[in-house]
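The numbers here are math on the coordinates, done by the rules we state, and not lab data. As the structure is a computational prediction, the values presented were derived from the model and not from experiment. A quick note on method: Cβ atoms are made from the backbone with ideal geometry, for glycine too, and the neighbour counts reach across all protein chains shown.
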Amino acid sequence: MMKKDYEHIVTLWPAGREGKKRILVFSPHPDDDVIAMGGTIHHLVEQGHEVHIAYQTSGNIAVSDEDVDLYLKEHQELAAENILTIKGMVRRDEALAACLYHHIPEQQVHFLNMPFYETGQVEKKPLGDEDIAIIRRLLEQVKPHQIYMAGDFNDPHDTHRKCTEAIIRALKEVKESSSAANKNWLDSCQTWLYNGAWDEWPLEQIDMAVPMTQEELMHKRGAILKHQSQMENAPYKGDDQRLFWQRSEQRNRKTAQQFAEQGVKPHYEAMEAFVEYLSPMLV
């Protein structure tokens with residue numbers, strides 16, 4: 001088997017050096033984007049690309065009652081609203097704050113509220129036609145040159161798998177449509193998979209690694225910290241009691257160390273890793 005050329009996998013230019021690109025980052029919950037690829041988002045924005053963030057679900061069940069109380073102290077006019085509505089507002093405000101921190105304009109932030117998620121329970125509904133239609137409408141609106149989506153399917157509630165399946169099904173519908181406008185952008189669109197809050201890709205699977213300096217890593221931490229409801233009080237952290245920013249930083253440093261051990265120079269502080277999506281039948 002041919003040894004992988006790890007040095008050429010590393011890039012500071014995830015969307016290339018030529019021309020302004022439209023980038024569409026899908027985030028199953030309203031923090032997966034910054035946890036998994038906050039450094040890459042920072043690079044893309046700084047390099048002048050048009051970055052869109054699409055939050056696929058409200059993430060409303062992952063907000064504690066304590067955080068609702070804190071939110072209502074500043075938004076007393078919402079006290080009569082349904083509790084899940086308020087929890088969704090908490091997540092929405094945090095996500096928007098993180099995007100603005102990254103200098104992403106509000107009009108490029110999309111809250112999709114996919115219906116399959118809105119059960120108020122851990123168990124979700126099966127994907128429906130409207131879930132796919134929501135994704136398709138956004139794809140046809142943005143016409144991205146690059147798509148980033150979750151590739152980890154071991155999240156506790158199967159939300160990531162369903163969110164990625166919806167994107168793939170929507171892409172398939174777009175591809176099968178007869179629209180010449182769709183064909184033009186889709187034929188040149190690259191699709192990348194990131195891993196979420198739990199694990200990183202095995203080294204041998206990685207197709208692109210985006211380095212970060214210490215300063216960029218701290219900037220990424222700042223974006224994650226905008227999601228205060230997902231810190232100490234987060235209901236679904238799993239068995240790992242580290243906070244999400246701690247998991248993320250330790251993982252990114254480990255990835256950089258693994259590349260250094262393969263002889264990649266210079267030795268970067270941290271890296272985010274991606275796998276290119278090529279198969280039409282991922283899920």
| Among the listed pairs LYS143/LYS172; LYS20/LYS172; LYS20/LYS254; LYS87/LYS226, which are separated by more than 23 Å between their Cα atoms? | LYS20/LYS172; LYS20/LYS254
| remark: Residues whose built amide H sits under 5 Å from the amide H of TRP192, excluding neighbours closer than 5 in sequence, are ILE147, TYR148, MET149, TYR277
| query | Mind checking which aspartates and glutamates have their C-alpha under 17 Å from LYS73, skipping anything on the same chain fewer than 8 residues away? | reply | ASP65, GLU81, ASP93, GLU94
| remark: Amide H contacts under 5 Å for HIS52, restricted to residues at least 5 apart in sequence or on another chain and with H modeled in the peptide plane, are ILE23, LEU24, VAL25
| So what J values fall out for the stretch 168-176 if you push phi through Karplus, 6.51 cos²θ - 1.76 cosθ + 1.60 with θ = phi - 60°, rounded to Hz, Gly and Pro as x? | 5, 5, 5, 4, 4, 5, 4, 4, 7
| field | Residue order, fewest to most surrounding Cβ atoms within 10 angstrom, among GLU66, GLU50 | value | GLU66, GLU50
| remark: Gyration tensor (Cα only) of the stretch 23-158 to equivalent ellipsoid, semi-axes in Å sorted down, yields 25, 19, 14
| task | Under 18 Å Cα to Cα from LYS124, which aspartates and glutamates show up? Leave out anything in the same chain fewer than 8 places away. | result | ASP152, ASP155, ASP158, GLU165
| request: Could you pull out every residue, at least 5 positions away or on a different chain, whose amide H is within less than 5 Å of the one on ALA270? Hs are placed 1.01 Å off N in the peptide plane, and Pro or chain starts have none. | output: MET212
| note | Within the set THR40, THR119, THR191, GNM on the chain using Cα springs under 10 Å gives the largest fluctuation to THR119
| message | How high is the relative contact order of the stretch 117-165? Use alpha-carbon pairs under 8 Å, at least six apart in sequence, and give a whole percent. | response | 33 percent
| said: Show me, for the stretch 76-89, the HN-Hα J-couplings you get by feeding each phi into the Karplus relation (A = 6.51, B = -1.76, C = 1.60, θ = phi - 60°), rounded to Hz, glycine and proline as x. | reply: 4, 5, 9, 4, 8, 6, 4, 4, 5, 4, 5, 4, x, 5
| field | When the chain is reduced to its Cα atoms, the Kirkwood hydrodynamic radius in Å | value | 19.4 Å
